[in-house]
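Read through the structure below, which is laid out as structure tokens, and then see the notes.
The values are calculated or read from the model by the stated rules, or taken from the named source; none is laboratory data. Note that the structure is predicted; figures quoted are calculated from it, not measured. Ideal geometry is used to build each Cβ from the backbone, glycine not excepted, and the neighbour counts take in all protein chains shown.
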Amino acid sequence: MPLFFLLLLLLLPAHPGHADNPLSFADSLAAEGDHYRAITEYKRFLHYHPDAVEAARAQLAIAHSLRAGERWTELDLALEKVWKSYPGTPEAASARKLYADAAFARQDYPEARQRYQWLQENAQNPGAAGHRIGWSFLAENRIAEARQSFGQSAEETANDWQRELDDYQQLPRKAPQLAGTLSAILPGAGQLYTERPRQAAVAFALNAAFIYGAIEAWNNENYAVAGILSLFEIGWYGGNIVNAVNNAHKYNRNQEELFKQRLRQKFGLSLGWREQAPQLQAHFRF
């Protein structure tokens, strides 16, 4: 009987399914979001099986886990290792694309454009890279360059982009200098101009209160109190102007962001390459 069980143990695989997918445990960790341990397991596999068929996939998987943790410097090094160690493989092509997307995701748009330019010149489906170059210009509000990049799309799409960019330039915006000037003339007026009525009321009330208090103290010959209140008023007055200017910038950014969100929905923006189609998944902020 013991001999029978010994033979049975020898015939049964120690880890069912492991031979078919030696990276299954590391993959499960990555799928669960445990990227630190996943990277360790992928590296363990590469250490013991550097020449395995799955080695290129393991190295690319390390890069994906680094991307999930926004470890940008390590990610670039890992991706470079993929295409240098496994040239001509599908993983090498994917690494090149992720390399460009990573620069976009961390909002390093000049670097992203250089990497997408390489894809345009050396990879299949160059239109996808050109599309993303246009988005990088739009993210920096460089409308002329974005217009030129999107103009290279298919005719119907290019015309849509031209109309959208015209609308983008005509968005209602607030002039920061005008907002500051209004609040300098009358505290709270700049806040009202930037559609912040509560802030306008607070700014007007505080400045009015300190000015009134300083004048009353001066009239009552309480010069020390008048001086202290005047100093506080100078701070509130200056802060009221700066706040109005900042509100104008925030208003403009909100208008632009809402417009870009609509564009992302209309044109299917995501960062992640798919077969024959440029798609950008929303992993980053414009």
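Details
- Of the residues contained in the stretch 27-43, one or more are found to be assigned to a helix (DSSP H, G or I) and touching a Lys or Arg at 6+ places or on another chain (Cβ under 8 Å).
- Residue count for the stretch 188-210, restricted to those that are modelled with pLDDT under 90 and touching a Leu at 6+ places or on another chain (Cβ under 6 Å): 1
- Set side by side, the residues 182, 165, 192 differ, and just one is free of Cβ contacts under 8 Å to residues at least 12 places away in the same chain, at negative phi and buried (at least 19 other Cβ atoms within 10 Å of the Cβ), which is 192.
- Members of the stretch 80-89 found to be in contact (Cβ under 8 Å) with a residue 12 or more places away in the chain and not hydrophobic (A, V, I, L, M, F, W, C), listed by number: 80, 81, 85, 86, 89
- In this structure, residue 91 does satisfy being crowded, with 17+ Cβ neighbours inside 10 Å, of a type outside the set (A, V, I, L, M, F, W, C) and either modelled with pLDDT under 95 or in contact with a helix residue (DSSP H, G or I) (Cβ under 9 Å, 6 or more places away or on another chain) (or both).
- Restricting 158, 105 to those that are out of contact with any strand residue (DSSP E or B) (no Cβ under 7 Å at 6 or more places or on another chain) and of a type in the set (Gly, Ala, Ser) reduces the list to 158.
- Tally, over the stretch 227-236, of residues that are touching a residue at least 24 places away in the same chain (Cβ under 8 Å) and over 36 Å from the mean Cα position of the chain (by Cα): 1
- Residue under evaluation residue 80, criteria (1) at pLDDT 95 or above; (2) crowded, with 16+ Cβ neighbours inside 10 Å; (3) under 25 Å from residue 139 (Cβ atoms), criterion not met: (2)
- Residue check, residue 133 in a helix (DSSP H, G or I) and surrounded by fewer than 18 Cβ atoms within 10 Å (Cβ to Cβ): no
- Condition check for residue 205: outside the structural domain of residue 128 (by TED's automatic domain parsing), farther than 30 Å from residue 258 by Cβ and surrounded by fewer than 18 Cβ atoms within 10 Å (Cβ to Cβ): yes
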